[in-house]
Amino acid sequence: MARSGTQRGASALILEPVSLSVYEWALRNGGLRDADDAAAELGLSISELTLARDNLLELGLLVSSADGGELLPADPAIAEMLARAPLEQEIRQRQQELTRMHAQLRPLAPLFAERSRAGRTSDGLRSFDDPAEVRRELSMMTRLCTEEMVSIQPGGGRDPDTLSSIVAESLSMLERGVRLRTLYQHTARASLSTQAYVRSVSAAGALIRTTAEAFDRIIVFDRETAFVPQPRAAGRPQGASVVTDPTVVGFLYRMFESLWESGRPFDAHQAEFQPSTEELKTSILRLMATGLKDEVIAKRLGMATRTFRRHVKDITDELGVESRFQAGFRAWQLGISLGEGDDAGTSGTD
């Protein structure tokens, strides 16, 4: 009876306080024969004593005497050994299953990696129109990445569902020792979901910065493979191209490094960061001078078009001009540095 009890799950192997009192009584009295005497002395009802007795039998702390007329207290060491045996056997079986799984699947990893590299086209470019295929390729690359992943994520805060789905992959990469650097725009600092993601991955060692401007979304793995979004087209979801040409990937990586150097560390535990007014004005003037449309510039800066136009009005009022061309020219006259292409106000090119 006691032995059959030890075959039950771990949830049954709990010594209840009342059972301990009954076990101590059995030790003092040489066994448990008369349930009424034990219950009366311990101040228990017959049902309470019965439950405690069954609990002790399950644990192997009570065993039947040779004639079956009495329950005798058993050695706890023996009871423990009997209780542990099926659990240890199950652990050994699980370990054997893990060993078999490792032996079967681990040799496939080099084949998978080789397939990934062999799948690259001769011109170093593969295109995927289906977003599901893009996500599948990205997921594969996060598992294959061994050294570093860098990415540029333009716009404001990212979609909460997207962030929650990638946080586990990001943490897994960091646990493997992969370096992770991500560049957002300043406006992403106001996003609660982005702040939560940054807190999670930063605590594990990721480096996150923000900048005033960013270009398209770019992800580079191990300086060998880059993901670049395809141009948006009405009526169909946006796909991506996977680039493996060393020259192009190297250029994209250097572009990331250039933006990274100008970025500000994103500490999600600090109060909301506010970019300097002068930095924002300079970025707006420089982008206006290129002749880009309002919607394009607003997207570059990670803000709404209406917000961008409000900033433009503030700038033209401050410079005392009426048009955007005049604003660029006036900035050039005043010696306001616009960064790259300081002569853009007069040439109309970037």
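The values are calculated or read from the model by the stated rules, or taken from the named source; none is laboratory data. Remember, predicted model here, so these are calculated numbers, not experimental data. Cβ placement follows ideal geometry from the backbone for every residue including glycine, while neighbour counts extend to all protein chains displayed. When the accessible area is computed, the model is the full protein with side chains, heavy atoms only, and any ligands, DNA or RNA have been set aside. Shrake-Rupley method; radii C 1.70, N 1.55, O 1.52, S 1.80 Å.
Tell me yes or no: at least one residue of the stretch 135-142 is touching an Asp or Glu at 6+ places or on another chain (Cβ under 6 Å), modelled with pLDDT of 90 or more and within 21 Å of Ala240 (Cβ to Cβ).
Scanning the stretch 135-142 turns up at least one residue that is touching an Asp or Glu at 6+ places or on another chain (Cβ under 6 Å), modelled with pLDDT of 90 or more and within 21 Å of Ala240 (Cβ to Cβ).
Which pairs have Cβ atoms under 6 Å, sit 6 or more apart or on different chains, and link a residue in the stretch 9-23 that is more than 13 Å from Ala38 (Cβ to Cβ) and of a type outside the set (Ser, Thr, Tyr) to one that is buried (at least 16 other Cβ atoms within 10 Å of the Cβ) and at pLDDT 70 or above?
Ala12/Glu58; Leu13/Ala83; Glu16/Asn55
With the condition kept exactly as written, say whether any residue in the stretch 211-218 is open to solvent by less than 70 Å² (accessible area, probe 1.4 Å) and farther than 30 Å from Leu287 by Cα.
no
Which residues, taken from the stretch 293-314, are open to solvent by less than 90 Å² (accessible area, probe 1.4 Å) and either modelled with pLDDT of 75 or more or of a type in the set (Phe, Trp, Tyr) (or both)?
Within the stretch 293-314, Asp294, Val296, Ile297, Ala298, Thr305, Thr307, Phe308, His311, Val312, Asp314 meet the criteria.
Within the stretch 197-218, can you find the residues that are in a strand (DSSP E or B) and over 16 Å from the mean Cα position of the chain (by Cα)?
Arg209, Thr210, Thr211, Ile218
Run down Pro229, Pro275 and say which single residue is within 14 Å of Pro154 (Cβ to Cβ) and at pLDDT below 95.
Pro229
Among the residues of the stretch 61-81, how many are closer than 16 Å to Ala38 by Cα and surrounded by 15 or more Cβ atoms within 10 Å (Cβ to Cβ)?
Looking only at that region, the number is 5.
For the stretch 177-190, state whether one or more residues are under 12 Å from the mean Cα position of the chain (by Cα) and within 22 Å of Asp267 (Cβ to Cβ).
For the stretch 177-190, residues under 12 Å from the mean Cα position of the chain (by Cα) and within 22 Å of Asp267 (Cβ to Cβ): present.
Suppose we keep only residues that are open to solvent by 20 Å² or more (accessible area, probe 1.4 Å) and in contact (Cβ under 8 Å) with a residue 24 or more places away in the chain within the stretch 219-229. Which one would you say is nearest to Phe128 (Cα to Cα)?
By that ranking, first place goes to Val228.
Looking only at the stretch 159-185, which residues are outside any helix (DSSP H, G or I) and surrounded by 17 or more Cβ atoms within 10 Å (Cβ to Cβ)?
Selection gives Val178, Leu180, Arg181, Thr182, Leu183, Tyr184, Gln185.
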